[in-house]
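Taking it in order: structure first as structure tokens, then the write-up.
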Amino acid sequence: PISKQKERKNVMLTGKYLNRFYLKNWWLFLIGVIALVAVDYFQLFIPDYLGKIVDMFDGSAVDKAALREVIVGVIVVAVVMCVGRITWRLSIFNASQKMEAGLRHLMFQKSEKLSQKYYHENKVGTVMAWFTTDLETIEEFLGWGSIMLVDALFLTAFVLYKMFTLDWALTLVLLVPLALIVVWGMIVEKVMGVKWEERQKEFDKLYDFSQESFTGIRVIKAFVKETQQLHAFAKVAKKNKDTNVAFVRTAVISDAVIEVIITIIMAMLLGLGGYFVYKYATGSPAMMFGHEVDLTAGQLITFVGYFDVMVWPMMALGQLVTMRSRSKTSLKRVTAFLDSEEDVKSPENAVVLQDVQGKIEFKDFSFQYPSNDVDVLKNITLTIDSGECVGVVGKIGSGKTTLVNTLLRLYNVQKDKVFIDGVDIMDCDIDSVRNAIGYVPQDNFLFSDKVKNNIAFSDKDVEIEKVYEAAKFADVHSNIQDFQDGYDTISGERGVTLSGGQKQRISIARAYIKDAPIMILDDSVSAVDVKTEETILKNIAQKRKGKTTIVIASRVSTVSHMDKILVLNNGEVEAYDTPSRLEEISPTYKKMVFLQKLENEVEGGERK
């Protein structure tokens with residue numbers, strides 16, 4: 001890491017993640033800087049030509065050859081500046097956008113590797129702010145900031161050289177207030193960094209609130225809480241506005257101070273310069289620092305032109321300070337994200353699972369979530385043989401979903417506790433573990449894409465006939481055909497255009513088409529009718545014969561025909577046996593059977 005002392009001396013924005021992209025795009029920056037320096041150099045000929053023209057019209061005959069030379073010079077300068085500006089814009093802005101894209105790609109890769117724990121601790125809105133406003137702020141500095149920095153260095157150096165050449169004494173007088181701009185910039189930089197960090201934190205809160213409100217819009221409407229949410233949003237938005245206003249106020253004050261200093265310098269230049277021109281014209285040149293100032297009207301115009309050119313780098317210096325403070329804070333946030341520990345990852349020399357048979361073992365397995373010190377699962381010991389179809393039931397909160405999540409390596413577990421085909425899951429390559437499992441989650445998340453693409457998510461190149469087969473397996477083929485666009489129907493964000501049962505069945509089809517040796521359905525038929533459920537369960541028994549299937553259910557009828565049923569109670573194994581024996585050995589299962597029979601009688605008939 002760069003020390004604070006070194007960081008203060010470094011004007012450019014650097015860091016271990018940015019430096020690699022500087023190396024990759026150095027040639028674009030080089031071309032841009034060369035073009036920009038050329039533009040800076042050639043534009044200083046314009047004040048020279050203006051001064052010469054003024055001196056030509058001093059009452060004597062105009063030298064037409066000299067005037068023609070000046071006109072040709074102006075045209076050449078205009079062409080060079082036009083080509084140069086196009087070149088540096090294309091190269092520098094292209095480089096900055098490539099660097100932003102590279103950083104975003106790194107962040108996306110990082111986001112895929114971070115565990116559930118990280119996203120429990122950091123809200124979606126905050127993460128999205130890193131991907132949007134913070135990256136845009138960094139890109140702004142890499143683009144416009146680079147331009148301002150080059151101008152502040154080279155254009156200022158060129159102008160000062162020209163001014164010293166014209167009259168060093170007058171230039172020294174103007175340098176004193178110019179030094180104030182540098183001092184002011186050093187003071188403002190720290191303040192702007194703090195203000196920007198506060199602004200970004202408030203923006204995170206605004207983003208979080210907005211994202212949560214849009215996600216829960218159905219609940220808000222159902223409870224008629226629109227007005228309440230608007231008032232709550234107004235408070236968050238006001239806090240965000242106040243923080244933004246405070247930031248902008250500081251930035252405006254900083255720019256205003258710099259403009260005042262520049263105006264004072266310009267007034268000094270015009271006052272002193274006019275006095276020196278008058279003294280020269282009257283034949284009695286003025287003295288300054290023991291130096292006789294010989295300044296003609298044309299030379300004064302040239303001097304003023306030089307200073308006018310230098311106004312931009314001076315203004316740019318003030319903006320650069322503000323911009324660098326913002327980008328440095330944003331880079332700090334992005335770097336913290338990229339430096340986040342990947343607590344769930346494949347070990348060194350990981351075992352890549354191949355030809356998985358689907359045997360699963362838990363040996364005295366206990367589990368607690370990273371942010372909790374209470375065991376959610378306790379002393380789980382069981383074996384699911386390859387090819388078995390196993391149901392999992394239990395009360396809400398008994399640990400059913402947690403049990404299957406450990407198989408997906410969404411969390412770290414203790415070694416020598418969970419095995420697939422006899423291999424400790426903590427020794428396995430994570431990708432190979434997840435590739436071996438077809439998973440249907442509880443929330444049935446669908447992407448805003450065509451239905452056929454949602455089903456074929458595991459393999460976009462799969463033949464459409466296999467998509468149809470998977471849909472038939474989940475008993476949703478006829479429903480999809482009834483859609484206006486059939487399999488080309490857009491499901492909408494999170495499948496908003498589909499019913500709960502349709503989303504569940506499309507999720508089942510998505511898992512089935514993967515043809516994994518292990519398939520897990522987490523309460524995935526709760527939103528379908530009895531007939532559809534029976535069809536899906538029949539298809540599981542027939543088409544996944546010889547492959548391991550785990551079905552978590554809230555209804556006993558869903559798992560009553562499975563090879564075995566696991567009953568969980570408060571995170572412990574109450575029973576694990578065949579359905580015919582469970583009523584004798586499991587009070588929880590017996591109660592569930594009784595309650596379901598009672599429910600069926602109330603509804604007017606028993607479910608078969």
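The values are calculated or read from the model by the stated rules, or taken from the named source; none is laboratory data. For clarity, every value in this text was computed on a predicted model and none was experimentally measured. Positions of Cβ are generated from backbone atoms using ideal geometry, with glycine treated the same way; all protein chains shown enter the neighbour counts. Side chains are part of the model used for accessible areas, which takes the heavy atoms of the whole protein and leaves out ligands, DNA and RNA. Shrake-Rupley method; radii C 1.70, N 1.55, O 1.52, S 1.80 Å.
Of the conditions (1) closer than 13 Å to ILE181 by Cβ; (2) open to solvent by 20 Å² or more (accessible area, probe 1.4 Å); (3) modelled with pLDDT of 80 or more, TYR275 clears all except one; give me its number.
(1)
Mind checking which pairs have a first residue in the range 531-548 that is over 19 Å from GLN504 (Cβ atoms) and part of a loop (DSSP other than H, G, I, E, B) and a second that is open to solvent by 20 Å² or more (accessible area, probe 1.4 Å) and not charged (D, E, K, R), Cβ under 7 Å, 6 or more apart or different chains?
GLY546/GLY387; LYS547/GLY387; LYS547/PRO517
I'd like the full set of residues that are among the acidic types (Asp, Glu) and in contact (Cβ under 8 Å) with a residue 24 or more places away in the chain, limited to the range 205-241.
Residues of the range 205-241 that are among the acidic types (Asp, Glu), as a first pass: 208, 212, 226.
If the condition is that a residue be among the acidic types (Asp, Glu) and in contact (Cβ under 8 Å) with a residue 24 or more places away in the chain, then ASP208, GLU212 are the ones that fit.
The rows are residues; the columns are (1) under 30 Å from ILE217 (Cα atoms); (2) surrounded by fewer than 18 Cβ atoms within 10 Å (Cβ to Cβ).
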site	(1), (2)
LYS466	no, yes
GLY486	yes, yes
GLN502	yes, no
SER507	yes, no
LEU521	yes, no
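Which helices (runs of 4 or more DSSP H) sit wholly inside the range 74-146 and have at least 3 residues that are within 30 Å of ARG434 (Cα to Cα) and open to solvent by 30 Å² or more (accessible area, probe 1.4 Å)?
Working: elements: 116-121, 124-129, 135-140.
It comes to 116-121.
So, of the residues in the range 396-423 that are more than 18 Å from ILE520 (Cα to Cα) and in contact with a strand residue (DSSP E or B) (Cβ under 7 Å, 6 or more places away or on another chain), which turns out to be surrounded by the fewest Cβ atoms within 10 Å (Cβ to Cβ)?
LYS415
Hey, which of the helices (runs of 4 or more DSSP H) in the range 448-507, taking only ones fully inside, have at least 2 residues that are under 27 Å from the mean Cα position of the chain (by Cα)? So that I can check it myself, show each step before the final result.
Numbers: elements: 451-455, 464-473, 477-482.
In the range 448-507, 451-455 are the helices (runs of 4 or more DSSP H) which contain 2 or more residues that are under 27 Å from the mean Cα position of the chain (by Cα).
Considering only the range 530-562, state which residues are open to solvent by 30 Å² or more (accessible area, probe 1.4 Å) and under 22 Å from LEU377 (Cβ atoms).
Answer for the range 530-562, where residues must be open to solvent by 30 Å² or more (accessible area, probe 1.4 Å) and under 22 Å from LEU377 (Cβ atoms): just SER554.
A quick yes/no check of all residues on (1) modelled with pLDDT under 90; (2) hydrophobic (A, V, I, L, M, F, W, C):
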{"residue": "SER327", "(1), (2)": "yes, no"}
{"residue": "SER330", "(1), (2)": "yes, no"}
{"residue": "ASP339", "(1), (2)": "no, no"}
{"residue": "ASP343", "(1), (2)": "yes, no"}
{"residue": "LYS359", "(1), (2)": "no, no"}
{"residue": "LYS363", "(1), (2)": "no, no"}
{"residue": "LYS378", "(1), (2)": "no, no"}
{"residue": "LEU382", "(1), (2)": "no, yes"}
{"residue": "VAL390", "(1), (2)": "no, yes"}
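Mind listing just one residue for me: the one in the range 424-464 that is modelled with pLDDT under 90 and among the small types (Gly, Ala, Ser) and, of those, least open to solvent (accessible area, probe 1.4 Å)?
Here the answer is SER458.
Please go through the range 37-75 and give me each residue that is out of contact with any helix residue (DSSP H, G or I) (no Cβ under 8 Å at 6 or more places or on another chain) and among the β-branched types (Val, Ile, Thr), ordered by number.
Applying the first criterion (out of contact with any helix residue (DSSP H, G or I) (no Cβ under 8 Å at 6 or more places or on another chain)) to the range 37-75 yields 57, 59-61, 64-65, 68-69, 71-72, 75.
Correct list: ILE71, VAL72, ILE75.
Give the residues of the range 328-349 that are open to solvent by 30 Å² or more (accessible area, probe 1.4 Å) and either β-branched (Val, Ile, Thr) or more than 26 Å from PHE131 (Cβ to Cβ) (or both), sorted by residue number.
Our first condition is that a residue be open to solvent by 30 Å² or more (accessible area, probe 1.4 Å); within the range 328-349, this holds for 328, 332-333, 335-336, 339, 341-343, 345-349.
Result: THR335, PRO347, GLU348, ASN349.
Show the residue pairs meeting these rules: Cβ distance below 8 Å; 6+ apart or different chains; first residue within the range 361-377 and closer than 13 Å to GLU572 by Cα and among the hydroxyl-bearing types (Ser, Thr, Tyr); second residue open to solvent by less than 30 Å² (accessible area, probe 1.4 Å) and outside any loop (DSSP other than H, G, I, E, B).
SER366/LEU377; SER366/ILE380
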